[in-house]
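The structure under discussion appears below in the form of structure tokens.
Taken together, the values in this text are just the output of simple stated rules run on the coordinates, not laboratory data. Remember, predicted model here, so these are calculated numbers, not experimental data. Here the Cβ is made from the backbone with ideal geometry for all residues, glycine too, and neighbour counts use every protein chain on show.
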Amino acid sequence: MSTPLKFAYWVPNVSGGLVTSTIEQRTDWGIDYNRRLAQTAERVGFEYALSQVRYMASYGADHQHESTSFSLALLLATEKLKVIAAVHPGLWHPGVLAKWIATADHLSGGRAAVNVVSGWFKQEFTALGEPWLEHDERYRRSAEFIRALREIWTSDQAELRGDFYRIHDFDLKPKPVDVPGRPHPEIFQGGNSTAARRNGGQVADWYFSNGKDYDGFTEQVLEVGAHAAEAGRTVRFGLNGFVIARDTEKEAREQLREIVAKANRPAVEGFRDAVQQAGSSTGDKRGMWADSTFEDLVQYNDGFRTQLIGTPEQIADRAIEYKRRGADLLLLGFLHFQEEIEYFGEKVLPIIREKEAALEPALVN
Ligand SMILES: Cc1cc2nc3c(=O)[nH]c(=O)nc-3n(C[C@H](O)[C@H](O)[C@H](O)COP(=O)(O)O)c2cc1C
């Protein structure tokens, strides 16, 4: 039997929700709302939650809670959910983070995970007086950071002589929880650029893709998978998508139209300028968001492109097709998180599970 498709949701720990729109949103970025949301999510079948890291106001997002501490609060409020904390290598030492995650892992019975983000928001670094490295250097540093985490979590005498970090005879005690089938807390890394794909294949456990249509996703799976194969390893794939599930397709499409019609234009344009400078600084211009349209950017991570928009049946069909193309996990965002995660769990997930079961004989042949 193939592994069932896994589901993660974006933790709304940043104000303004996941769309840069003036549309009414009932999502709240505070802790009470988020604790309830995490409990609902694990109850209806979500296995992971991904928190966001943002240190200061940016486009359409004025307030934000810190990622690692917020993730720990959610771990303590739940029983099964794995919570992925996002961190910037330029702002953390890998030894400090390895220790932090090991403790969170013990406090949660082995449910802590990490998303290593290389960053796009230059002002965040300059405001904190930290250097903003050139794009591919940021990824070289991230690769070293991930190697350091793995070394510290699995070795009694961790050693690493890198260009960015040096670790010598470091013995982390206690090591993270011994969870069967998990050599250490899971390490996620996302992106689109050539450097991001290389890191994804060479060092990450999981590669997160921004929203993509079928062919765009397949293209990434092949390229990142080839990097992994070359390094003699495997990597799993998570794909971002913004879900608008409604009883009729017409209602879902109308909801999308309204989100985009009410876009906060100056914020979307400011975001576009910031992310496109971050990505276009790569030689081959393949950075994330390099070809995003205005409409795509109303959802921070191109989530509309995955087109999880329509009736539960339509969404389930798309989810299954992405699974066939190599998705191990769907990372989902919603307009009104609390009620829509519940709707997704009750109406969409059972159909996905039925279709997965029906797929089995085809997969065997
Ligand atoms: C699923 C996912 C989650 C991300 N979360 C964050 C985040 O919380 N904070 C952040 O600054 N960047 C985040 N990023 C952005 C990455 O740090 C990076 O800037 C982006 O992937 C651009 O990479 P590229 O242009 O090299 O492809 C995220 C990216 C993905 C795909």
Inset, instruction - Could you tell me which trypsin sites (Lys or Arg not before Pro) in region 154-237 are loop residues by DSSP with no more than 14 other beta carbons within 10 angstrom of their beta carbon? - result: ARG233
Legend entry - Shape of region 59-110, Cα gyration tensor, a/c cut at 1.5: oblate
Inset, instruction - Please turn the phi angles of region 255-270 into ³J(HN,Hα) values with the Karplus equation 6.51 cos²θ - 1.76 cosθ + 1.60 (θ = phi - 60°), one per residue in order, whole Hz, x for glycine and proline. - result: 5, 5, 4, 5, 4, 6, 4, 9, 3, 7, 3, x, 5, 5, 5, x
Inset, instruction - May I ask for the Kirkwood hydrodynamic radius of the chain, worked out over all distinct Cα pairs and given in angstroms to one decimal? - result: 20.8
Inset, instruction - Per DSSP H run of n ≥ 4, the term is -39500 (n - 2.57); total these for the chain, divide by its residue number, and report the mean residue ellipticity at 222 nm rounded to 500 deg cm²/dmol. - result: -13500 deg cm²/dmol
Legend entry - Order by protection proxy (mean Cβ within 10 Å, highest first), peptides 346-358, 42-54: 42-54, 346-358
Legend entry - region 84-139: GluC sites (Glu not before Pro) in DSSP loop, at most 12 other beta carbons within 10 Å: GLU134
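Over the Cα atoms of region 206-365, Rg to Rh with Kirkwood Rh, two decimal places?
1.00
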Legend entry - Under 21 Å, Cα to Cα: Lys pairs in the chain, sequence gap 8 or more or different chains: 20
Inset, instruction - Could you run the Karplus curve 6.51 cos²θ - 1.76 cosθ + 1.60 with θ = phi - 60° over region 190-203 and give me ³J(HN,Hα) per residue in whole Hz, x for Gly and Pro? - result: x, x, 8, 4, 4, 5, 5, 5, 4, 4, x, x, 7, 10
Legend entry - Shape of region 73-202, Cα gyration tensor, a/c cut at 1.5: prolate
Legend entry - Globularity index of region 225-305, i.e. its alpha-carbon radius of gyration over 2.2 N^0.38 Å: 1.41
Legend entry - Principal axis dimensions, largest first and in whole angstrom, of region 14-86 by Cα: 33, 25, 18
Inset, instruction - Enumerate the amide H contacts of GLN307 below 5 Å, restricted to partners 5 or more residues apart or on another chain; note that Pro and chain-start residues carry no placed amide H. - result: PHE242
Legend entry - Relative exposure of MET288, MET56, judged by other C-beta atoms within 10 Å (fewest first): MET56, MET288
Inset, instruction - Post the alpha-carbon centroid distance, region 247-322 to region 182-217, in whole angstrom. - result: 19
Legend entry - the chain: antiparallel DSSP beta bridges as a percent of all, rounded to 5: 20
